[in-house]
Structures are given as C-alpha cells and as structure tokens.
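Structure, as structure tokens:
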Amino acid sequence: MSDTPQPAAKAPQAAPARGGKLALLALTLSVAVAAGGYYWTRFVAAPGNAALRARLDDAGAERDTLTKRVTDSAERLARFESVQGEMLASIESLRTANTGLSAALKELAAQRGDRSLDLALAECEFLILAASQRLALAHDVATARAALTAADDRLRGADHPSLALLREQLARDEQALAAVALPDIEGLSLKFAAQIRKVDQLQTKAIAAVDTSFKHSREQPVTPDNWRGVLKAMWDDLMSLVEVKDDKLPDDVLFDPKLRKLVEQNLKLELSSARLAIMERDTTNFRVAVEIVQDIVSRYYDADEAAVKALATMLAEVRNIELAPSLPTLGASLDAVRAARAAQVVAPAAAVEATPAEVPAQP
C-alpha cells in the first residue's frame, strides 16, 4: 500500500436558503394585508357608514315632518268643519227669526190697515241688522248690499221728507260695499280641488334633471363593502361609458317610482293646505302654501307639458289674492235709523200734548 496521502473528499455545497426567503415574503405580505385592512376600516369604510347613517337620519326627519304636516292639516280641517257647522246653525237661526219677524210685521200692517212710517223704519232697521250679520259671519257682501237696497226701497215707499238723511247714509254704505273686491271663494276652492285630482296625471322631470340630494351621489367615493356598493361601482362604470342623448326615456329608466310617489303626495298635501286656507279666508297661510306648490312644480315637473303650464299659470294668477279684505261697517246707518225711530216716538207724544181738547157738539 502506498503511503502517498489521498486528497480529501470535497465537501458538498450548502443549498440556497429558499425556506427563509419564503418565510420573509409571507411575513411581509401579512404585514401589508394587516396595514391595508386597518387603512380600509379606518379611512374608507367608516366614512361611508357615517354618510349612510346621516342620509337615513335625514330621511327619517323628512318623514316625521310630513307626518306632522298631515296631522296639522287634519286638525285644521276638523276646526273648519266645526266653525262651518256653527255658522250654518247661526244662519238657520237668522232665517227662522227673519221669517217670524216678517210674518209679525205683515200681521201688524194688516191689523192697522196702513203702512205707517214707524213700520217702515222698523223694517229698515231689521234689514240693516241682517246685512251687518251677513258681513260679520260670512263676508257676504252681495247679501248685505241687497239688504241695504231693500231698506232704501222701503223708505222710498214711505215717501216722507224726514227720511232724506237716512237714505243718504244708506247710499254711502251701499257704495262702500260695492267698492269691496271680494274674491270668489267657492270658485277658487273648486279650482284647487280640480288640480288635486289631476296631480297623478302631471308629467315629472327625469331624475337626472332634478336638483335633489341624490344628484351628487356619483361624485362620492365608491365604497363597495357590500353588494350595494359593488352594484353602485358597476353602475358608475357603465355611466362613464354610455352617454344618453334623449332624455325622454320611460319613467322606470330615469325616475325612481318611490321618489315620484313622494313628490305627488307632497304636492297633493300642499294643494289641500291651500284649499283649506281659502275656505278659512287665511291669506297668510294660503300664500305660503302656494309658494311651496310653485317650488315643487318648478323643481320636479316638466315645464313644457301643457297640464304643468296650466297649473303654474293658475298659481301665478291667484298668489296675491286677498282672501279677507277689510269690510265697511254699517254702524252709521244703524244709528241713523234708530235715531229716526226715536224721533217718531217723541213726535206723536208732542202732537198729543199740543192738540186742544175736543169740544162736544151742541144738540
């Protein structure tokens, strides 16, 4: 055996540390995912949820406001019906009293067999009182004028020179009533009732052309943390690719049916409020309701549609109507006729005292 030393065996080289690199990569990815999750939760999801809660709170507040307005309108309508019943009862009582007094006057005239001046003054006083009551209870200018005209006709039939001043006062009051520009309450109320029935037929704008709180929804950051957010993101992508040239698409494409129903119910409510104010002759609340209706029509309805134009024109015409103009009083005529009746009572007594005693005839 040779003593020559043999070369030492070559040691195997170490394999690359692949396991350590993979572990480092996994650790880096875990830290990145954790940081991304924290960023998503802290800066993206939280503001989106806060905005959603704010919109829900706004919708609840609007619903509570509409409910309160409906309740207030119902209460006002109940009060109006109560007042109307009392007025009808008062009118019926006046009609009964008028019938009884007319019958009594006719019977008195038949018994006396003449048409004395005192009877004419009594009828004149009654007619003036009736005119005053019609003005106070129902703003009925036409009936009040008719009553004054009838009183003047009765005095003219009496043909007495002492009645000239009284007839002049009646003429002044009649002219003051003729100068009153009283609106047609019944006709105005019927106009609003007809418009309420036509609300469902009015053409609304497309939702894209309406200035509402939903208009800027696409400008908000997309947060697809749930299926609604994903669908909204898809919709925004489609809207960026498609340009709509014709705005006259079917209502179910551009207009939310729930929003349409809310707008229609709100319009009906305000028209009903305006009609109630008309019946109550409440000019202030009537003008406020008309302004609200005009705002709804201009914001949500198609101004080029014929029915919408007609509604807007009607609102512009009636907006400045005075429902309860100041009415003249008939106190001067009433004082004049009562003074004339008092003078008639004094004159016969003085005449009796001045008449000499009758001398008995000689046989």
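Listing Leu276, Leu52 from the residue with the fewest other Cβ atoms within 10 Å to the one with the most, what is the order? Show your work: numbers first, answer last.
Values: Leu276 20, Leu52 13.
Fewest to most other Cβ atoms nearby, the residues stand as Leu52, Leu276.
A 22 angstrom limit on the alpha carbon distance is what I want to check against. Which of Lys68/Lys309; Lys205/Lys268; Lys68/Lys191 exceed it?
Lys68/Lys309; Lys68/Lys191
Which residues' amide hydrogens lie under 5 Å from the amide hydrogen of Tyr301, considering only partners 5 or more residues apart or on another chain, with H built in the peptide plane?
Under 5 Å from the amide H of Tyr301: Lys205.
What is the sum of charges, Lys and Arg at +1 and Asp and Glu at -1, for the other residues whose Cβ falls under 12 Å from the Cβ of Arg145?
Details: positive: Arg134; negative: Asp140, Asp152, Asp173, Glu174.
Net of charged neighbours comes to -3.
Which order do Arg319, Arg154 fall in if you start with the one that has the fewest other Cβ atoms within 10 Å?
Listed from fewest to most nearby Cβ atoms, that is Arg319, Arg154.
Can you give the net charge of the other residues whose Cβ lies under 11 Å from the Cβ of Leu121, counting K and R as +1 and D and E as -1?
Every neighbour counted, the sum reads 0.
First select every other residue whose beta carbon is under 12 angstrom from the beta carbon of Leu327; then total the charges, Lys and Arg +1, Asp and Glu -1. Present the calculation step by step, with values, prior to reporting the outcome.
On the way: positive: Arg134, Arg145, Arg281; negative: Asp140, Asp173, Glu322.
Counting the neighbours of Leu327, the net charge comes to 0.
Just to verify a number: FRET efficiency for Ala332 and Ala97, C-beta to C-beta distance, R0 = 25 Å, to 0.05?
Taking R0 as 25 Å, the efficiency between Ala332 and Ala97 is 0.60.
The numbers here are math on the coordinates, done by the rules we state, and not lab data. Please read all numbers here as calculations on a predicted model, not as lab measurements. Cβ coordinates were reconstructed from backbone atoms using ideal geometry, including for glycine residues, and neighbour counts include every protein chain displayed.
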